[in-house]
Amino acid sequence: LASRLKATVTDVIKKLMGLGVMAAQNQVIDFDTASIVAEEMGAKVEKEVVVTIEERLIDDSEDNADELVSRSPVVVVMGHVDHGKTSLLDRIRHASVTATEAGGITQHIGAYTVEADGKQITFLDTPGHEAFTAMRARGAAVTDIVILVVAADDGIMPQTVEAINHAKAANVQIIVAINKIDKPHANPDKVMQELTEYNLVPEQWGGDTICCPVSAVTGEGIDNLLEMVNLVAEVADLKANPNRLAKGTVVEARLDKGRGPVATLLVQNGTLHSGDVIIAGMTVGHVRVMTNDKGAVVNEAGPSTPVEITGLAEVPAAGDIFNAVEDERLARELVEQRKFDQKEEQFKQYQKVTLDNLFSQI
Ligand code: GTP
Ligand code: MG
């Protein structure tokens, strides 16, 4: 600072002492302090605007209203273990995932699009085990609607409450699917009663929470449930701009022996093209092969579309944000920087912990 002010170090230190700052010669002082000193010494101070790589690379500008078009809703199915999330999704897309899953427990978030009444709905499946809470929290952040599955013979359980909290925190609309109504001990009224304790008052009782009695096994009530999803989506008036670089979330990712890192992405805005350079969390790559949820190779994917891609250098984490970008070299630099920042953050955490330990011993 002294050399920039063409002053001596002693002069600067004296000024600082005048301000009550006891500084040594090589001490770092903050911008505000430095600018007071500099102005008192007759300099004109301006804050230099530093454009980060992130800002140069990633277009975070708002969309113009006239570029926005309707997009389909992204729905996540949440609920307590074994309340029938996977069975319900199976029913909805007439497939059978439950039978092939290890132990019948969903291991990861799957994503697929179904059509109801000629309208597309994108579903995300989430795991039901407590260990996957963090992932489920991410699941809630990318969705428009949460279908809360509650088994009519079991009622509200700890993970039902967790799901309600996630949905509320993310400001996501909840539709309750009261499942397993085919069971002899099913008691949908009891479920609705319990819901009121969480400020979810059923429409049937004059509130504004949509409750749909369903059976994933017999298929009863499923059409009504999908109708309700479309209705809620219509009211929400969901929009996106297909004419910009794609942005979205990594839904799941894994390392495939033959194909390398494989990631399921949910495009949330813009359009993703095969060949695009993307940065996803701490990794970069070109979209090499892109397939839709039916396994067909596609060359582009617009808003609310889930796709599986290959071409990333490393496996990203579920929940990472991805961006299509124009400058590959800069994208690599940004990844390096993010990795560096992460290490620094870890080091800070480590330091904090050791200090805490130190104090707790005194
Ligand atoms: P996790 O992924 O482990 O959290 O479970 P889930 O919520 O996906 O439940 P899943 O679909 O695996 O269903 C759990 C069990 O309940 C299975 O044995 C299903 O066959 C059964 N089940 C699901 N829905 C219904 C239903 O509507 N009626 C009856 N009778 N059984 C159901
Ligand atoms: Mg499941």
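The values are calculated or read from the model by the stated rules, or taken from the named source; none is laboratory data. These numbers come from a predicted model, not from an experiment. So basically every Cβ, Gly included, is an ideal-geometry build from the backbone, and we count neighbours across all protein chains shown.
Taken residue by residue, region 45-54 has no member that is within 16 Å of ligand 2 (Cβ to nearest atom) and assigned to a loop (DSSP other than H, G, I, E, B). Only a single item in (1) modelled with pLDDT of 95 or more; (2) touching a Gly at 6+ places or on another chain (Cβ under 7 Å) is not met by Glu314, and it is number (2). For region 122-157, the candidate set comprises residues that are more than 13 Å from ligand 2 (Cβ to nearest atom) and touching a His at 6+ places or on another chain (Cβ under 7 Å); within that set, the residue that is modelled with the lowest pLDDT is Ala140. Scanning region 63-79 for residues that are assigned to a strand (DSSP E or B) and more than 16 Å from ligand 1 (Cβ to nearest atom), which turns out nearest to the chain's Cα centre (by Cα)? Checked region 63-79; the qualifying residue nearest to the chain's Cα centre (by Cα) is Val74. Scanning region 169-227 for residues that are in a helix (DSSP H, G or I) and within 20 Å of Ile92 (Cα to Cα) yields Ile222, Asp223, Asn224, Leu225, Leu226, Glu227. Give the residue that is nearest to ligand 2 (Cβ to nearest atom), with candidates limited to residues of region 208-222 that are among the polar types (S, T, N, Q) and buried (at least 20 other Cβ atoms within 10 Å of the Cβ). Looking at the filtered set, the residue picked out is Ser215. Here Asp82 meets the list (1) at pLDDT 70 or above; (2) away from ligand 1 (no atom under 11 Å from the Cβ); (3) not small (Gly, Ala, Ser) almost entirely, failing just condition (2). Of the strands (runs of 3 or more DSSP E) entirely within region 257-362, those holding at least 1 residues that are more than 24 Å from Thr122 (Cα to Cα) occupy 260-269, 277-280, 283-286, 321-325.
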